[in-house]
Amino acid sequence: MAAKYGNLAEIPTTGASVTTGRQDGQNYSGIIGSEKLAATDLERMSKYNQKIQSVSRKTGIDGAIIAAIISRESRAGNALDASKHGDYGQAFGLMQIDKRWHTPCGAWDSEEHILQATEILCYMFNEIKLKFPGWTASQQMKGAIAAYNMGPGSVTNFHDIDSRTTGGDYSNDVIARAKFYRRHGF
């Protein structure tokens, strides 16, 4: 599984920006900030572990990365409105599928939803792989995570991979959260 989509342990990260790290009213940033945010979501996230692992087996995407995207996008569902939307009603479900670009499938917290979103990540991986064939699979996965947030056109180089992502830290924050979730059974 790790070969095609890289190895989470090999993906460098700086973690959350100061802005992202303050989401819970704390003054954290970096890897510690990402880990604190992931820890806040851990109990809610545990409800989805079986679905995440099933999708991971089907797609080959690391379950810890799926969990981390769920944490970043919806805080494991806690940041969604009553209709299970975010982004001013433009994005749906745990993994915030953007309705402007995709037709969401399944219930907001269903395996079908998680699978659809993870398949979007797989697509982004393939786009980044075509765009940057010289990158390692681990670098391509980090690029795919940034592209999941802002599209493959937003990724211009590895050094500034998050320069166009939400908070300027999307892939770095997700990778740091994923490493936390790996240590906690995902």
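Where is the GNM fluctuation largest for the chain (alpha-carbon springs, 10 angstrom cutoff): SER71, SER29, SER83?
SER83
Running Debye on the stretch 44-112 with equal point scatterers at the Cα sites and no solvent, what base-10 log of I(q)/I(0) appears at q = 0.13 Å⁻¹?
Normalising to I(0) and taking log10 leaves -0.33.
Of the listed pairs LYS4/LYS84; LYS51/LYS84; LYS51/LYS131; LYS84/LYS129; LYS47/LYS129, which have alpha-carbon separations greater than 28 Å here? It would help to have the intermediate numbers written out before the result.
On the way: LYS4/LYS84 32 Å; LYS51/LYS84 18 Å; LYS51/LYS131 31 Å; LYS84/LYS129 32 Å; LYS47/LYS129 33 Å.
From the list (LYS4/LYS84; LYS51/LYS84; LYS51/LYS131; LYS84/LYS129; LYS47/LYS129), the Cα-Cα distance tops 28 Å for LYS4/LYS84; LYS51/LYS131; LYS84/LYS129; LYS47/LYS129.
If we count other beta carbons within 10 Å of each Cβ, what is the order of MET45, MET150, fewest first?
Working: MET45 25, MET150 17.
Least to most surrounded, the residues fall as MET150, MET45.
Of the residues ASP160, ASP173, ASP98, which exhibits the maximal mean-square fluctuation in a Gaussian network model of the chain defined by a 10 Å Cα contact cut-off?
Taking springs between Cα atoms under 10 Å, the residue moving most is ASP160.
Over the Cα atoms of the stretch 1-76, Rg to Rh with Kirkwood Rh, two decimal places? Show your work: numbers first, answer last.
On the way: Rg = 13.2 Å, Rh = 13.2 Å.
Using Cα coordinates only, the ratio equals 1.00.
Over every pair of different alpha-carbon atoms in the stretch 23-139, take the mean of 1/r and invert it; report that Kirkwood radius in Å.
For the stretch 23-139, the Kirkwood estimate is 15.0 Å.
Would you mind checking which residues have amide H under 5 Å from ASP98's amide H? H placed 1.01 Å from N; only 5 or more apart, or other chain.
Long-range HN contacts for ASP98: PHE92.
In straight Cα distance, which aspartates and glutamates are under 16 Å from LYS58, not counting same-chain residues fewer than 8 positions off?
GLU111, GLU112, GLU119
If the reach is capped at under 17 angstrom between alpha carbons, list the aspartates and glutamates near LYS179, excluding any in the same chain fewer than eight residues apart.
Partners found: GLU10, GLU35, ASP41, GLU43, ASP62, GLU73, ASP169.
Taking Cα centroids, how far is the stretch 88-157 from the stretch 12-86 in Å?
Using only Cα atoms to place each centre, the spacing works out to 15 Å.
At a Förster radius of 25 Å, what calculated FRET efficiency corresponds to the Cβ-Cβ distance of ASN49 and CYS105, to the nearest 0.05? Mind showing how you got there, number by number?
Details: r = 21 Å, r/R0 = 0.83.
That pair, ASN49 with CYS105, gives E of 0.75.
Quick one: dipole size for the stretch 86-177, taken about the Cα centre, charges +1 on Lys/Arg Cβ and -1 on Asp/Glu Cβ, in debye to the nearest 20.
Numbers: 7 positive and 11 negative charges, 60 e Å.
For this selection, approximately 280 debye.
Please check: in the Gaussian network model of the chain (C-alpha springs, under 10 Å), which one of ALA147, ALA91, ALA176 has the largest mean-square fluctuation.
Maximum among the listed residues: ALA91.
Where does each of GLU10, GLU35, GLU119 land when they are ranked from fewest to most other beta-carbon atoms within 10 angstrom?
Fewest to most other Cβ atoms nearby, the residues stand as GLU10, GLU119, GLU35.
If I take all pairs of Cα atoms in the stretch 96-186, what percentage of them are more than 20 Å from each other?
For the stretch 96-186, the fraction of Cα-Cα distances above 20 Å is 39 percent.
Based solely on its DSSP helices, what 222 nm [θ] is calculated for the chain when runs of n ≥ 4 H residues each add -39,500 (n - 2.57) and the sum is averaged over all residues, nearest 500 deg cm²/dmol?
Working: 7 runs with 93 residues, N = 186.
Only helices count here, giving -16000 deg cm²/dmol.
Starting from the Cα of LYS36, draw a straight line to each of the aspartates and glutamates and keep only those under 14 Å, dropping any in the same chain fewer than 8 residues away.
Within the straight-line cut-off, LYS36 pairs with ASP24, ASP173.
Coordinate-derived values only; no laboratory data. Quantities reported herein were computed from a predicted structural model and do not represent experimental measurements. Don't worry about glycine lacking a Cβ; one is built from the backbone with ideal geometry, like all the others, and counts go over all protein chains shown.
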